[in-house]
Amino acid sequence: MSIFDQAMHRSVQWQDWRWQQKNAIRDEPALRNACGGWGEATTAHIEHNLQDRKMQITPYYIDLIKRSLTTAEVMDHPLWRQVVPYWSEQVQGDYDGSSENWELNHEMKTPICQHKYDNRVILRTTNTCNAYCQFCFEALRTLQVGTDKANANTDSFKDSVEYIRGNPAIEEVILSGGDPLMLADRKLEEMLAALRGIRDDLLIRIHSRALSFNPFRVTDELVAMLEKYKVNAFGVHVCHPLELSADFAVAVKRIQGVVPIVFSNMPLLRGVNDDEATLHKLFIDLYRLGVKPYYLYHFMPFSPGASEYKASISQAIAIMDRLKRRVSNIALPEYVLPHAQGKFTVPLLDFEKPEDLPHFEVRDGQRTYRFRNWEGQWCSWQDAV
């Protein structure tokens, strides 16, 4: 009997979030054993990619994969594809291991405090996650072995608090990472207490993927903390309907008891969720749980596996346009192209301002979109072939 099967027979241990993290899979042999094996080529690709990036998969997430596995190979499973760097090094596309999707130097007011949009800042509270998405938009912070990105420490957090305190135009602070719920309760409470101490009407938002990878992190202590410091919104990161398990639903319900707004952010990933039926089910199932589908992010070009995960913008527009007429508007997220210079909402067919539509040109068979960001600047985006 494997360690996973043994733990599931001892539910108290299985539902201990710390046990889940301690027993996460981090190497190819353990993963191959847990999943029932595969060919030498897949092993070689995984081991090659693990030379410079991390893999970490909780027993809970492995169990989700195994319980929903059909006769197809595990490499085609939409959850397995997210967390395993299985592709050949020849197809990594635009990712060069040094480019950054999000952070521009002038926006970083401290090593962990990013001020991009006028009224809000993001605090990168940690560089670690419950499990590692191999498409991570913050790959240089989370996936890269020996990252150069600063982790939050006492000085950087204190400087960030003072920056926020000195800028009354900042209405909201977003705790991100990595994953803020990787922090111990004591450390997370210190941060929330300091932020709430700035002023009572400061909006505090938390973004986390813990509910997908380790929903047992939502403990009584965590829920009490969210209530005590009046956290205003909680963003759950999800990719596929199979992640919306009974344990996920329980964790959502507990958070909803103390946090006024719970919403979801979702990346659009080729081979994972880039089809109408999957997105329809994801949006509606979230709606049933009382979670507002908020953003559907097109996959960013400067991330690992760019050519593996990047879907077609034109196909995505067509999918979202059909869903707009088949899914309740409250369940339909905003489809955006995320960009270092700011997000762009992609128009569907109901165009209000034709002059703001994304323009495109085709060179050597490659379509490139150009659009204006929130500051009126022109940005370029290379579409998938």
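Can you tell me the dipole magnitude for the range 94-189 around its Cα centre, using point charges on the Cβ only (Lys, Arg +1; Asp, Glu -1), in Debye to the nearest 20?
260
Would you be so kind as to identify which of 44, 78, 29 lies farthest towards the positive end of the dipole of the chain, taking Lys and Arg as +1 and Asp and Glu as -1 on Cβ and the Cα centre as origin?
Result: 78.
Gaussian network model of the chain, Cα springs within a sub-10 Å range: biggest mean-square fluctuation belongs to which of 118, 185, 16?
Comparing 118, 185, 16 in the GNM, the peak value goes to 118.
Return the calculated 222 nm mean residue ellipticity for the chain, to the nearest 500 deg cm²/dmol, obtained by summing -39500 (n - 2.57) across DSSP H runs with n ≥ 4 and dividing by the residue count.
Result for the chain, helices only: -9000 deg cm²/dmol.
If you place +1 on the Cβ of every Lys and Arg, -1 on the Cβ of every Asp and Glu, and leave all else neutral, what size is the dipole of the chain about its Cα centre, to the nearest 20 Debye?
860
Taking only Cα atoms of the range 228-307, what ratio of Rg to Rh do you get with Rh as the Kirkwood inverse-distance radius?
1.02
Tell me, what are the semi-axes, in whole angstrom and largest first, of the equivalent ellipsoid of the range 135-200 as set by the roots of 5 times the Cα gyration tensor eigenvalues?
Rounded to whole Å, the semi-axes are 24, 14, 12.
Dividing the alpha-carbon Rg of the range 102-247 by 2.2 N^0.38 Å yields what?
Rounded to two decimals, the normalised Rg is 1.02.
Please give the length that would be gained between residue 378 and residue 68 if that part of the chain were fully extended, namely 0.36 nm times their separation in residues minus their C-alpha to C-alpha distance (nm, one decimal).
Extra length available between residue 378 and residue 68 comes to 107.2 nm.
Positive end of the dipole of the chain, charges at C-beta (+1 Lys, Arg; -1 Asp, Glu), about the Cα centre: which of 87, 182, 104 has its Cα farthest in that direction?
182
Highest GNM mean-square fluctuation, the chain, Cα pairs closer than 10 Å: which of 308, 107, 40?
Of the options given, 40 has the highest mean-square fluctuation.
Along the charge dipole of the chain, pointing to its positive end and built from +1/-1 on Cβ of Lys, Arg, Asp and Glu, which listed residue (379, 231, 132) has its Cα farthest out?
The Cα lying farthest towards the positive end belongs to 231.
Let me spell out the model: positive unit charges on the Cβ of Lys and Arg, negative unit charges on the Cβ of Asp and Glu, origin at the Cα centre of the range 186-336. What dipole size does that give, in debye rounded to 20?
200
When only alpha-carbon atoms count, how far does the chain stretch along each of its three principal axes, as whole angstroms with the largest first?
Principal extents (Cα only, largest first): 61, 55, 42 Å.
Report the gain in length on full extension from residue 43 to residue 281: 0.36 nm times residue separation, minus Cα-Cα distance, nm rounded to one decimal.
This chain segment gains 82.4 nm when fully extended.
Given 158/187; 22/158; 22/54; 292/343; 187/292; 310/343, which pairs have Cα atoms separated by over 21 Å?
Details: 158/187 13 Å; 22/158 30 Å; 22/54 15 Å; 292/343 19 Å; 187/292 29 Å; 310/343 17 Å.
Pairs exceeding the cut-off: 22/158; 187/292.
Here, each number is a calculation from the coordinates, and none is a lab measurement. These numbers come from a predicted model, not from an experiment. We place every Cβ from the backbone using ideal geometry, glycine too, and count neighbours over all the protein chains shown.
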